[in-house]
Amino acid sequence: KKLNLYLRKELCCVFFFSSGSTISKPDVIAFLEQEKEPWIGVRKETSRRCPDYGAEEIPPENYTSEINLSKQGIKQISNTLGLRFCSSRSDSKHNFERLNDGSQEEYINQKILSYEKQKPAYTNYILTHNPDKLYKSKKCGKSFSCHSNLIQHQSIHTGEKPYECKQCGKAFRLRIHLTQHQKFHTGEKSFECKKCGKSFNRNSNLSQHQKTHTGERPFVCKECGKAFRFPYRLIEHHRSHTGEKPFECKECGKAFRVHLQLFRHQKTHTGEKSFVCKECGKEFRYHYLLIEHHRIHTGEKPYKCRECGKGFNRGSNLSQHQKIHSSEKPFVCKECGQGFKYHHQYVEHHRVHTGEKTYKCKECGKVFILLTQFVQHQNIHTGKKPFECKECGKTFTCGSNLAQHQNIHAGMKPYECKECGKSFNRSSNLSQHQKTHTGEKPFVCKECGRAFRYHYRLIEHHRSHTGEKPLECKECGKAFRVHLQLSRHQKTHTGEKSFACKECGKEFKYQYRLIEHHRSHTGEKPFECKECGKTFRLHLQLSRHQKTHTDEKSFVCEECGKTFRYHYRLTEHHRSHTGEKPFECKECGKTFRLHLQLSRHQKTHTGEKSFVCKECGKAFRYHHRLIEHHRIHTGEKPYKCRECGKGFNRASNLSQHQKIHSGEKPFVCEECGQGFKYHHQCVEHHRIHTGEKPYECKECGKTFRLHLQLSRHQKIHTGENPVEYKECETPSDISTSLLSIGEFILV
């Protein structure tokens, strides 16, 4: 009975007022509750007016009368409830024709009950056919058809969030948002896809997911032809062409294309991170980021590429990957014409031209163009590396770095170059490699004109002119220009060598060092000079070799004016003036100017000689020594003097020989003023003044000024002849040998 009364109230009120009746809603409800016919109006003493429905004033005295309904209103009620309507021209009153099979009330009750089954469709009909929007927001002018919608909308302007989650304290504007949010905590997913069985906690998410099965994308951008599944996606995308950013942050004034971007940005001001990973304790500002992060621990990759079958743990990663197959680059830079597959790449690239750096580190004040660079940089200060490889225990600051590292263990190289077929385990490595085919170097140094393929290379190079070293080692305080130099230096403190050669057992701190070393066993030389066709094991060797064709030496020593092709050579040379020796041997405490000198020296303690000549069986500590030695058997002398044409089997011998022609002696003894062509000669000479004899014989304890003297002395103990004469020595060779003998005797 109560349900019947309720439905009668609702339907009669709607039809009376939609048809323009003058009766008020409360009176209709009162009639129905008293089980009276709604066509008769009983008014109270005071006159009333219903502004919402436009009712006319009623006389103050009590009276009972039939209500004159408009003809249109009567027709609407009768047509909807199935009553037959009669009208008489001579009579101004309208009546309903009674039905033969029962009273009007019973018939209406039956119609109401039948309409209850159709209530959702009926409600939609009323909402759809109510075009009037009577309620307008004073803040933005937006109009609404329901007063409740206006109230909800106003909370956007006031920022009021009255609905708070008891689990995590998060607040919401609308109760429905709170209800949806609570499902995150309970894990409830009541909306299931019938195609694949995947379940969702929101019906809207299910609707969006279902379109992935149909592939339907009816909304097409007129600018670039890109298609979207949802109209709001098209609206957001269109702003990338117009540059419109309607959503502004009240804290810092920054504007955004999409409201979601503003919402995420606002959390950077509050620092709120309410979603915590139970595996590693990492915190996130958004629940979806926690879900994506958790897949790193589980290894789940639910997004599969239809072209190659590769799986991804994020939908965005799949979208980016799919563009590899299509090679589509719709976003073009107006400054340089470079194309990009993704809009965010275009935005980040554009900052290279403008010089804009929006992300600033609070610790050291360093600014960054990209957010990813900023986040990775912050881990340098905290030292936090939450992502650990289960294979080797190595830790990483970023989950993406861990994923790329795991490809090394799996041997997977999914990124293949279409030009030469070479494959890589990182997309960035493929991008860098592809530029070797094009030769493109768009980033030019304003100081010396040197060009680079990548912007970060230009930034690192520019520090060689400014002398800036922003990266400092926390262990010893040493500063570096490049982050890679700092990473390598830090391993000198830990001594970690996690990469071992399977051929000879030699261990390396870095993967690329192992790869380079392995070529010494295979003989592979993949880097070829286009000028002369010479090949090299290392790309660095090729780069250095190419400068021999250009004779370019852009780095000049301010002390003596000597020029160098490479900045690190200038840095090493400068230590010869300052006397700095930063590399110390942990075994004996001896210090060296160059790291290479330290590495070679350390082998004197171990006695390791892993490189053996196949011709004569002689062993060497270093591979380059074996190569140089092998030229004795082949007679090869690849280093030619341009002055006299004399050939040498070592580059160092050529460098020493060239000083004969120039007569240059840049190294002067401070004690006696004697000049020397080479720094090591000056050092050895200086020991005459100091009396220092650093080389000691382990057999008899005798000390020597020169290493050569020690080597010759040791042959006395072994029984070898310390001086051997060749049959066809030239006069100059004989004089040199005599001098050596005299020097040996004087000692």
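Screening residue 149 with (1) more than 31 Å from the chain's Cα centre (by Cα); (2) exposed (fewer than 13 other Cβ atoms within 10 Å of the Cβ); (3) not aliphatic (A, V, I, L, M) gives one miss only, at (2). For segment 572-586, a residue qualifies if it is in a loop (DSSP other than H, G, I, E, B), loosely packed, with under 14 Cβ neighbours inside 10 Å and of a type in the set (D, E, K, R), and the qualifying residues are 580, 586. Among the residues of segment 167-174, none qualifies, meaning not one is assigned to a helix (DSSP H, G or I) and not acidic (Asp, Glu).
Look at segment 549-571 and say how many of its residues are part of a strand (DSSP E or B) and over 10 Å from residue 464 (Cα atoms). Reasoning before the result, please.
Our first condition is that a residue be part of a strand (DSSP E or B); within segment 549-571, this holds for 555-556, 563-564.
Filter again for over 10 Å from residue 464 (Cα atoms), leaving 556, 563-564.
Summing the residues that are part of a strand (DSSP E or B) and over 10 Å from residue 464 (Cα atoms) in segment 549-571 gives 3.
The residues in segment 404-422 that are surrounded by 14 or more Cβ atoms within 10 Å (Cβ to Cβ), modelled with pLDDT under 80 and hydrophobic (A, V, I, L, M, F, W, C) can be counted, and the count is 1.
Being within 26 Å of residue 460 (Cα to Cα) and in contact with a strand residue (DSSP E or B) (Cβ under 7 Å, 6 or more places away or on another chain) is the filter here; which residues of segment 402-424 pass it?
Taking segment 402-424 as the starting set, the residues that turn out to be within 26 Å of residue 460 (Cα to Cα) are 402, 404-405, 424.
Once the filter is applied, which keeps residues that are within 26 Å of residue 460 (Cα to Cα) and in contact with a strand residue (DSSP E or B) (Cβ under 7 Å, 6 or more places away or on another chain), segment 402-424 yields 402, 405, 424.
Hey, can you tell me all the residues within segment 210-226 that are free of Cβ contacts under 8 Å to residues at least 60 places away in the same chain, surrounded by 15 or more Cβ atoms within 10 Å (Cβ to Cβ) and under 18 Å from residue 329 (Cα atoms)? Scanning segment 210-226 gives a single hit, 221.
Of the residues making up segment 417-437, those that are within 19 Å of residue 405 (Cα to Cα) and assigned to a helix (DSSP H, G or I) are 427, 428, 429, 430, 431, 432, 433. In segment 617-630, the qualifying residues are those that are part of a loop (DSSP other than H, G, I, E, B) and among the basic types (Lys, Arg), and the one that is surrounded by the most Cβ atoms within 10 Å (Cβ to Cβ) is 621. Restricting 665, 640 to those that are under 21 Å from residue 578 (Cβ atoms) and either of a type outside the set (Gly, Ala, Ser) or modelled with pLDDT of 85 or more (or both) reduces the list to 665. Of all residues in segment 505-524, exactly one satisfies the criterion of being modelled with pLDDT of 85 or more, in contact with a helix residue (DSSP H, G or I) (Cβ under 9 Å, 6 or more places away or on another chain) and either exposed (fewer than 12 other Cβ atoms within 10 Å of the Cβ) or outside any helix (DSSP H, G or I) (or both), namely 524. Could you check residue 249 against (1) in contact (Cβ under 8 Å) with a residue 40 or more places away in the chain; (2) touching a helix residue (DSSP H, G or I) at 6+ places or on another chain (Cβ under 7 Å) and say which number it fails? So residue 249 meets the others, but not (1).
The rows are residues; the columns are (1) under 21 Å from residue 518 (Cα atoms); (2) in contact (Cβ under 8 Å) with a residue 24 or more places away in the chain; (3) aromatic (Phe, Trp, Tyr).
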{"position": "607", "(1), (2), (3)": "no, no, no"}
{"position": "611", "(1), (2), (3)": "yes, yes, yes"}
{"position": "622", "(1), (2), (3)": "yes, no, yes"}
{"position": "647", "(1), (2), (3)": "no, no, no"}
{"position": "653", "(1), (2), (3)": "no, no, no"}
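For residue 633, the criteria (1) more than 21 Å from residue 653 (Cα to Cα); (2) in contact (Cβ under 8 Å) with a residue 12 or more places away in the chain; (3) surrounded by fewer than 12 Cβ atoms within 10 Å (Cβ to Cβ) hold in every case but one, which is (1).
The set of residues from segment 438-453 being over 20 Å from residue 554 (Cα atoms) and either surrounded by 14 or more Cβ atoms within 10 Å (Cβ to Cβ) or of a type outside the set (D, E, K, R) (or both) comprises 438, 439.
Any residue at all in segment 178-185 that is surrounded by 14 or more Cβ atoms within 10 Å (Cβ to Cβ), at negative phi, among the hydrophobic types (A, V, I, L, M, F, W, C) and in a helix (DSSP H, G or I)? Scanning segment 178-185, I find at least one residue that is surrounded by 14 or more Cβ atoms within 10 Å (Cβ to Cβ), at negative phi, among the hydrophobic types (A, V, I, L, M, F, W, C) and in a helix (DSSP H, G or I), so the answer is yes. Does segment 335-343 contain any residue that is surrounded by 14 or more Cβ atoms within 10 Å (Cβ to Cβ), among the polar types (S, T, N, Q) and closer than 28 Å to residue 357 by Cα? Scanning segment 335-343, I find at least one residue that is surrounded by 14 or more Cβ atoms within 10 Å (Cβ to Cβ), among the polar types (S, T, N, Q) and closer than 28 Å to residue 357 by Cα, so the answer is yes. Screening 224, 140, 196 for residues that are modelled with pLDDT under 85 and either within 29 Å of the chain's Cα centre (by Cα) or not in a helix (DSSP H, G or I) (or both) leaves exactly one candidate, 140. Which residue is surrounded by the most Cβ atoms within 10 Å (Cβ to Cβ), if the candidates are limited to segment 186-207 and must be over 27 Å from residue 150 (Cα atoms), out of contact with any helix residue (DSSP H, G or I) (no Cβ under 8 Å at 6 or more places or on another chain) and not small (Gly, Ala, Ser)? Only one residue fits best here, namely 206.
Suppose we keep only residues that are under 19 Å from the mean Cα position of the chain (by Cα) and among the hydrophobic types (A, V, I, L, M, F, W, C) within segment 266-302. Which one would you say is surrounded by the fewest Cβ atoms within 10 Å (Cβ to Cβ)? Among those that are under 19 Å from the mean Cα position of the chain (by Cα) and among the hydrophobic types (A, V, I, L, M, F, W, C), it is 291. Within segment 525-547, at least one residue is of a type in the set (Gly, Ala, Ser), modelled with pLDDT of 80 or more and not in a helix (DSSP H, G or I).
All of 161, 189 fail the test of being at pLDDT 85 or above and part of a loop (DSSP other than H, G, I, E, B), apart from 161. Quick one: count up the residues across segment 667-710 that are over 30 Å from residue 561 (Cα atoms) and among the small types (Gly, Ala, Ser). Going through segment 667-710 one residue at a time, the tally reaches 2.
Name the residue, out of 233, 202, 239, 257, that is among the basic types (Lys, Arg) and more than 30 Å from residue 359 (Cβ to Cβ). Quick ask: steps written out before the conclusion?
Details: 233 fails: more than 30 Å from residue 359 (Cβ to Cβ); 239 fails: more than 30 Å from residue 359 (Cβ to Cβ); 257 fails: more than 30 Å from residue 359 (Cβ to Cβ).
Answer to the selection: 202.
In the list 440, 460, 468, 447, which residue meets the criterion of being assigned to a loop (DSSP other than H, G, I, E, B) and closer than 22 Å to residue 365 by Cβ?
Working: 440 fails: closer than 22 Å to residue 365 by Cβ; 460 fails: assigned to a loop (DSSP other than H, G, I, E, B); 447 fails: closer than 22 Å to residue 365 by Cβ.
Within the list 440, 460, 468, 447, the selection yields 468.
The values are calculated or read from the model by the stated rules, or taken from the named source; none is laboratory data. None of the values given here were measured: they were computed from a predicted structure. We place every Cβ from the backbone using ideal geometry, glycine too, and count neighbours over all the protein chains shown.
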